[in-house]
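Take a look at the structure below.
The values are calculated or read from the model by the stated rules, or taken from the named source; none is laboratory data. Note that this is a predicted model, so its numbers are computed, not measured. All Cβ positions, glycine included, derive from the backbone under ideal geometry; neighbour counts span all protein chains shown. When the accessible area is computed, the model is the full protein with side chains, heavy atoms only, and any ligands, DNA or RNA have been set aside. Shrake-Rupley method; radii C 1.70, N 1.55, O 1.52, S 1.80 Å.
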Amino acid sequence: MILLSSNDLFIGAFFYFATVKKILIIQTAFIGDVVLATAVVEKLRQHFPDAGMDFLLRKGNENILEGHPHIRKIWVWDKRSGKLLNWLKLLVAARRERYDLVVNLHRFISSGLFTVLSDAKTTTGFDKNPLSILFTQKVSHRIGEGSAMIHEVDRNLSLIAAWTDSERARPKIYLTAQDYGKHNMTGKYITISPASIWKTKQYPSEKWVSFMDRVGERTTICLLGSPADVALCEAIRQKTRHPNTVNLAGQLTLRESAALMTGAVMNYTNDSAPLHLATAVNAPVTAVFCSTVPSFGFGPLSDISFVLETTEKLSCRPCGLHGKNACPQGHFKCAGFELPTLLQSSNKST
């Protein structure tokens, strides 16, 4: 889906160059955003197979792109310690590269200024970036309304449509034997990633427990999460009556978690990063949406995928694009539904 105006297309065509030697992709938001950005990497590699492609991201997200066959260099911005100084060092290094194309997927002023000052021949980004007026090309950033859903992958790809094509490329991360070797899970199992940075995106613990209690005893349940999610996952494990539940939170890297997902009967996630991990390795996934809605464009793209959400018409839903730390109304009715059993949700695809 191309989201460019005729003027944008004209600008893109005007600045089209036959030989692209160096490309920089910028996405310094959260890990799920980085995973979805890999679709841009795939598309650019198709059209510029000989170009050196670099990626700028925030510190803590670099693991997901380690060993990526299409990425030459990963630029890591440490935002926690010496944020401004680190930004300046990266800018100086980027200017030395003299990029032919900078693709800025981030919509905030820090990345906008970096793009403008990068000394790249051509720059492209979303019109919501405060400095987009200074980009070579700016593209409309639209969130879908009603049934007119625009997936985030398609939004991102619209930034490079003037140089590539309108066909969707899927996000993709490249796993290694080492990633698969960390766990020794065999037999039938599912994964559940119960945590989210935003609490109103997080399906309630008691609801996960209720679902787990109905999963057959021969199916192992693997709880996944970061080191910060260990306590949540352990509390869920202790409350469930399911006899074969393991807490792997904090024990696996993002890549190792994705490797585990590939062998699962089903992977259950919130509207959060694990959903996009499953998409990037084409693992079966069921995405549970609470305060946010699929029409924002962050639903699953795996061949076997489901979206579960309340059927109740709530005037307060959605309450925001990214979720909130607590329900503004105090009732959290958007998370009041029960998940279907494993058998019902894993025998069909959408």
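Per-residue answers, yes or no, for (1) more than 17 Å from the chain's Cα centre (by Cα); (2) farther than 27 Å from residue 254 by Cα; (3) not β-branched (Val, Ile, Thr):
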| position | (1), (2), (3) |
| --- | --- |
| 93 | yes, yes, yes |
| 99 | yes, yes, yes |
| 102 | yes, no, no |
| 118 | yes, yes, yes |
| 122 | yes, yes, no |
| 130 | yes, yes, yes |
| 138 | yes, yes, yes |
| 178 | yes, no, yes |
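Residue count for the stretch 17-29, restricted to those that are touching a strand residue (DSSP E or B) at 6+ places or on another chain (Cβ under 8 Å) and assigned to a loop (DSSP other than H, G, I, E, B): 6. Evaluate the stretch 148-165: report whether one residue or more is closer than 30 Å to residue 28 by Cα, among the acidic types (Asp, Glu) and out of contact with any helix residue (DSSP H, G or I) (no Cβ under 7 Å at 6 or more places or on another chain). The answer is yes; a qualifying residue exists. Here residue 13 meets the list (1) open to solvent by 20 Å² or more (accessible area, probe 1.4 Å); (2) at pLDDT 95 or above almost entirely, failing just condition (2).
State yes or no: is residue 107 in contact with a helix residue (DSSP H, G or I) (Cβ under 8 Å, 6 or more places away or on another chain) and at pLDDT below 95? The answer is no for residue 107.
Go through the residues of the stretch 289-308 one by one and say whether even a single one is open to solvent by 40 Å² or more (accessible area, probe 1.4 Å) and of a type in the set (Ser, Thr, Tyr). No; the residues of the stretch 289-308 include none that is open to solvent by 40 Å² or more (accessible area, probe 1.4 Å) and of a type in the set (Ser, Thr, Tyr).
Taking residues in the stretch 205-217 that are within 18 Å of residue 231 (Cβ to Cβ), and partners anywhere that are surrounded by 14 or more Cβ atoms within 10 Å (Cβ to Cβ) and of a type in the set (D, E, K, R), the pairs with Cβ atoms closer than 7 Å and at least 6 places apart or on different chains are 209/239. The listed residues are 222, 233, and the only one of them that is part of a strand (DSSP E or B), in contact (Cβ under 8 Å) with a residue 12 or more places away in the chain and open to solvent by less than 30 Å² (accessible area, probe 1.4 Å) turns out to be 222.
Checking each residue in the stretch 162-190 for being closer than 30 Å to residue 117 by Cα, open to solvent by less than 60 Å² (accessible area, probe 1.4 Å) and at pLDDT 95 or above picks out 169, 171, 173. Of everything in the stretch 60-104 that is open to solvent by 50 Å² or more (accessible area, probe 1.4 Å), at pLDDT 95 or above and assigned to a loop (DSSP other than H, G, I, E, B), the residue that is nearest to residue 258 (Cα to Cα) is 69. Here residue 39 fits the description: among the small types (Gly, Ala, Ser) and part of a helix (DSSP H, G or I). The strands (runs of 3 or more DSSP E) found wholly in the stretch 237-350 include none carrying at least 3 residues that are of a type in the set (S, T, N, Q), under 17 Å from the mean Cα position of the chain (by Cα) and modelled with pLDDT under 95. Do you know which residues across the stretch 191-213 are open to solvent by 10 Å² or more (accessible area, probe 1.4 Å), modelled with pLDDT of 95 or more and touching a strand residue (DSSP E or B) at 6+ places or on another chain (Cβ under 6 Å)? Correct list: 201, 202.
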